[in-house]
Number of protein chains: 2
Amino acid sequence: MSKDKSMYKISKFVAPEFIFGVDSIEYVKRYIKNFSLTSPIVITDHGLLKASWAKNIFKQLEEINIEYCIFDNITENPKDYEVEEIAKVIRSCNCDSIIAVGGGSVIDAAKAAGIMCTNPGTIRDYEGIDKITHPMPPIICVPTTCGSSADVSQFAIITNSDERYKMAIVSKSLTPDISIIDPKTLITLPEELLISTSLDALTHAIESYISLGSSPITDMFSLKAIKLIFETLPKAAKDPKNINYLEDLMLASLMAGLSFSNASLGMVHAIAHSIGGYKDIRHGTCNAILLESVIDFNYLYAAYRYDKISESLGYEIKDLNEVDRKKILIDSIKELKRKIGFNITLKDLDLKEEEIDIIAKHAVNDPCILTNPVMPTIEEVKEIIERNI
Amino acid sequence: MSKDKSMYKISKFVAPEFIFGVDSIEYVKRYIKNFSLTSPIVITDHGLLKASWAKNIFKQLEEINIEYCIFDNITENPKDYEVEEIAKVIRSCNCDSIIAVGGGSVIDAAKAAGIMCTNPGTIRDYEGIDKITHPMPPIICVPTTCGSSADVSQFAIITNSDERYKMAIVSKSLTPDISIIDPKTLITLPEELLISTSLDALTHAIESYISLGSSPITDMFSLKAIKLIFETLPKAAKDPKNINYLEDLMLASLMAGLSFSNASLGMVHAIAHSIGGYKDIRHGTCNAILLESVIDFNYLYAAYRYDKISESLGYEIKDLNEVDRKKILIDSIKELKRKIGFNITLKDLDLKEEEIDIIAKHAVNDPCILTNPVMPTIEEVKEIIERNI
C-alpha cells in the first residue's frame, strides 16, 4: 500500500424510497396498494385541508375503496402532548399506516406519533439518537414545503412543552417508507413560507457540508442544493408560481435533506431548535437569521469547506486572505436575503437576559451541536444570539 | 402558473442503506446483531476465500458466536443452474440470511438465490421487471470489486444456460438490505480486474446519464462518477495499491451504481449482456470494448447529454460542430484506455456470422435497450458488433 492514510472517514447513508416530479402526488394510491395497507390515517393541517392537496389524497383513497381517518389539528413546532393525542387517535381508529401531507411540522408530528403507536412510554423517552426499539407503522409522506425534508430524514423535531425546547429524535426508523415529492404542491404555499422553507433548506445544505459527519456522498448533495437555491430563490421570489422554479427549489430541498439526514447539522440548528422551542417561532426563519453569525464564528474551524462553498458559487477566492474569503460567503448570503426581501431579526422576540441564558444552555445540549466544526461555550452561543438582537 | 411545462419527468429513487470507507468491513457483525440474524450463509468465490476478506467475515461471525454455512463455488457470469444449487444449500442449511462477499458474479448469484428461497418456480420465471412477489431473506453485501455495484442495485444478471444469454432480473426487492463498501478490499484485486471493473463503472455512469430514465438525482451521481474515473483510473493503473486511488474508484463505482440502478442503462449493456451470456466473457471488458461504437451510433439522439459529459470533463466544446463534439468524447475514452493499457477487442472471440445474428437478436430484447436514447434495429446492432471485430 503506497499510502496508509485514507481520505474518507467511514460514513453511513440511509434514504427512503422517493418519487420526485410534478403530478407524482397521484402515486399515493399505488403505494397504498403496493404496501397492502387497508386503513390509513391522513395527518395534515387546516391550511392544507383548504388547499386541494389533502382532498386529492382523500379522493385517491376513495377511488380504491380505502376507508381512512383524518387528523388535521397540527400546529407549527408540534408539541409533545399533540403527538400523544395523534397516537391515541391512530390507536382508537385501528389505523395500520400513516399518510402525512404537509410541511415539517405535520411530518415530524406524524413520525413521532408513529413511534408512540408501537413503543412504550412518552415521546420524551425517545429524545436523542437511536432510542426507538419497535418498528413503526408504514409512513407515506407528501411534503408541501421546500424546506424541512422531514419526508426523507431520520429526524423528528418535537417541542418539549414543559421545558420549552425542541427535542431532536434521531433514528433510522424515522426514515419514511416512501416520500412522494410533488413540486406542484408548492403552488399553494404562501410566499413567506416559500422563502422561509427555502432558507431552511439552504441552512441544511450549508450546515451538513460543514458538519463533522459529512461524507463525499452528502457533500455532493449539499453543494448542488446550495447552488440551486442561490440561483433559483431570487427568481422564485419574483415569480412564485413558476413551476420550473418550484421544481428546482423542491429538488434543492430534497438534496439538502438527503445530506443533513446523514451528515447531521451544526450550531445554527442547535440554536434555532432552542429558540424555536422557547418562543414558538418559525424554524426556517430562525435558521436564516442565525446563518451568517454562525459562519462568522465557525469560519476558522472549517475555512477549507466554507471556501469550497464560495468556489462552487463561482467566486474566485484563492488569492484572498481568510478575512476576505469569509466576508465573500457572508456577503453572498446577505445579498441573497436582500434580493428576496428577507430582513427579519431576533429583535421582535424581545428576549430577556435570563431567556438568552436558558436558550444558550439548551443549544449546547442539542444533538446538532455534536457535528459543528467546533464546540462553542454557553457564553459564545449567547454572544451569537445577542448579535442578532 | 407562469409555465405549465415541467422540466423533470417523474422519477423514482431507491437505494439500500450503505456504509462506505476503509475498514468498514468490520461492521458486518454489527449488522448481523442489529438485524437479529442467527444463521447466515456466506456466499463467495475461491479467489476471495484465498484473500483474507471472506476469512475476516468468518472471524467476525465467530466472535459473536454465530454459526454459518459457506458456499464458494461461484463462476464468472453465474448460470441459472448455479443459482438453483445455492438456493438448495440455503434451504438445506436452514439459513435465515445471506452475506455475499465478492464481485458482481457473487452478489448477483446470491441475490438470485435469495429469490429462489422464497418464491416458486425457477429463476427464469423472474426475468424482466418486477416479477418477484415474496420478500427475500435479508442480504448483506460486501463488494470486492469497483464495478458491478450489484451491492446497491435493483438488478441481478443471470445467464440462461440453455439459450446462452444473460437475463436481467430487475426489482426493488433485489436492493440489498445493507451494503458494506470497504475500498480496502480492492487491494487484493488483480490489476486486470481493477481495470475492467472500473471500466464497467464508467459504462454504468455514461449509460445512466444518457438513459431515457435519468433524473436530476441520477445525473449528479453519473457525472461525478465519470469525472472520478477519468481522473483516478490512470493513476491507479500505475500504482494499484494506493489506497487513496482505490477509495475514489470504489466511490465512483458506488455513485455509478446508485445512478444506473434507478436510471437503468442502454445499448452497451444490452449487447454486452448478450455477448457475455453467449461467450462467457468478462462483463466489464465487454462493456469497455463496445463503449465508443455505441456513443458513435447514439450521439445524434442524445447530443446535448453527451456534450454535458465532455464539458464536465473540462473540454471546451461550445464552438465546435457536432462531428467534432462527438469526436472529443470518443477520443477521450480512447485516450483513457491507452493510458491504462486496455486494448482488447472482440476479435479473439472469433464470432461467426450466425452467432452475431443470435447475439443481436438477444440484445434488442434486453431490458436495458428500453432506455437507450434510440431503439436500434437488429441490423444496426450487428453493425456495431462487427465494427469491434
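What follows is calculated from the coordinates using simple rules that are stated; it is not laboratory data. Quantities reported herein were computed from a predicted structural model and do not represent experimental measurements. Glycine gets a Cβ as well: all are built from the backbone with ideal geometry, and neighbour counts include every protein chain shown.
What the table shows:
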{"read-out": "Sparse-neighbour loop sites [trypsin sites (Lys or Arg not before Pro); the stretch A:237-301; at most 16 other C-beta within 10 Å; DSSP]", "value": "A:LYS241"}
{"read-out": "Cα-projected label distance for B:VAL374 with B:LYS33, points at 7 Å along beta-carbon direction, nm", "value": "5.8"}
{"read-out": "Cβ-based exposure ranking for B:CYS69, B:CYS286, A:CYS368, in which fewest neighbours within 10 Å come first", "value": "B:CYS69, A:CYS368, B:CYS286"}
{"read-out": "Amide H within-cut-off set for A:SER97, under 5 Å, with H built and near neighbours excluded", "value": "A:SER39, A:ILE41"}
{"read-out": "Distance between the stretch B:250-321 and the stretch B:343-389 - C-alpha centres, whole angstrom", "value": "15"}
{"read-out": "Tail weight of P(r) past 44 Å, computed on alpha-carbon pairs of the protein assembly as shown, percent", "value": "26"}
{"read-out": "Cα-derived Rg to Rh of the stretch B:303-389, Kirkwood definition", "value": "1.04"}
{"read-out": "Long-range amide H partners of A:THR159 with built H, under 5 Å", "value": "A:LYS79, A:ASP80, A:MET167"}
{"read-out": "Two-decimal ratio, the stretch A:17-186, of alpha-carbon radius of gyration to 2.2 N^0.38 Å", "value": "0.94"}
{"read-out": "Where GluC sites (Glu not before Pro) fall in DSSP loop in the stretch B:7-100, at most 12 other Cβ within 10 Å", "value": "B:GLU67"}
{"read-out": "Flagged links, alpha-carbon separation over 30 Å, of A:LYS9/A:LYS227; B:LYS88/B:LYS241; A:LYS172/B:LYS59; A:LYS326/B:LYS318", "value": "B:LYS88/B:LYS241; A:LYS326/B:LYS318"}
{"read-out": "Rounded tilt (10° steps) of A:80-92 against the dominant C-alpha axis of chain A", "value": "30"}
{"read-out": "Estimated FRET transfer efficiency (A:GLU383, A:ASP239; beta-carbon r; R0 41 Å; 0.05)", "value": "0.55"}
{"read-out": "At R0 = 51 Å, FRET efficiency that the Cβ-Cβ distance of A:ILE129 and B:ARG91 yields, to 0.05", "value": "0.85"}
{"read-out": "Neighbour-count order for A:ILE178, B:ILE344, A:ILE158, fewest beta carbons within 10 angstrom listed first", "value": "B:ILE344, A:ILE178, A:ILE158"}
{"read-out": "Bridge type composition, chain B - antiparallel percent by DSSP, nearest 5", "value": "20"}
{"read-out": "Cα centroid of the stretch A:87-128 to Cα centroid of the stretch B:130-205, whole Å", "value": "37"}
{"read-out": "Contact order normalised by residue count of chain A, Cα under 8 Å, 6+ apart, percent", "value": "16"}
{"read-out": "Gyration tensor (alpha-carbon) shape descriptor, the stretch B:128-258, a/c threshold 1.5", "value": "prolate"}
{"read-out": "Value in Å of the Kirkwood radius, where chain A supplies the Cα pairs that are averaged", "value": "21.0"}
{"read-out": "Estimated 222 nm signal from helices in the protein assembly as shown, with DSSP H stretches of n ≥ 4 weighted -39500 (n - 2.57), rounded to 500", "value": "-16500 deg cm²/dmol"}
{"read-out": "Beta bridges by DSSP in the protein assembly as shown, antiparallel share as percent, to the nearest 5", "value": "30"}
{"read-out": "Calculated FRET efficiency for the pair B:GLU163/B:THR75, C-beta based, R₀ 22 Å, to 0.05", "value": "0.80"}
{"read-out": "Quotient of C-alpha Rg and 2.2 N^0.38 Å, computed over the stretch A:186-258", "value": "1.07"}
{"read-out": "Sparse-neighbourhood loop sites, GluC sites (Glu not before Pro) in the stretch B:259-341 - DSSP loop, at most 12 other Cβ within 10 angstrom", "value": "B:GLU316"}
{"read-out": "Phi to ³J(HN,Hα) by Karplus 6.51 cos²θ - 1.76 cosθ + 1.60 over the stretch B:32-44, Hz, x for Gly, Pro", "value": "4, 5, 4, 7, 6, 8, 10, 8, x, 9, 9, 9, 7"}
{"read-out": "Descending principal axes extents, the stretch B:189-325, alpha-carbon based, whole Å", "value": "40, 36, 27"}
{"read-out": "Simple spin-label estimate for A:VAL323 and B:ILE64 in nanometres, 7 Å along Cα-Cβ", "value": "5.5"}
{"read-out": "Note, ³J(HN,Hα) from phi for the stretch A:235-251, Karplus 6.51, -1.76, 1.60, rounded to Hz, x at Gly and Pro", "value": "5, 5, 5, 7, 9, x, 9, 6, 5, 5, 5, 5, 4, 6, 5, 5, 5"}
{"read-out": "Counted charge near A:ILE356, where neighbours are those whose Cβ lies closer than 14 Å (Asp, Glu -1; Lys, Arg +1)", "value": "-2"}
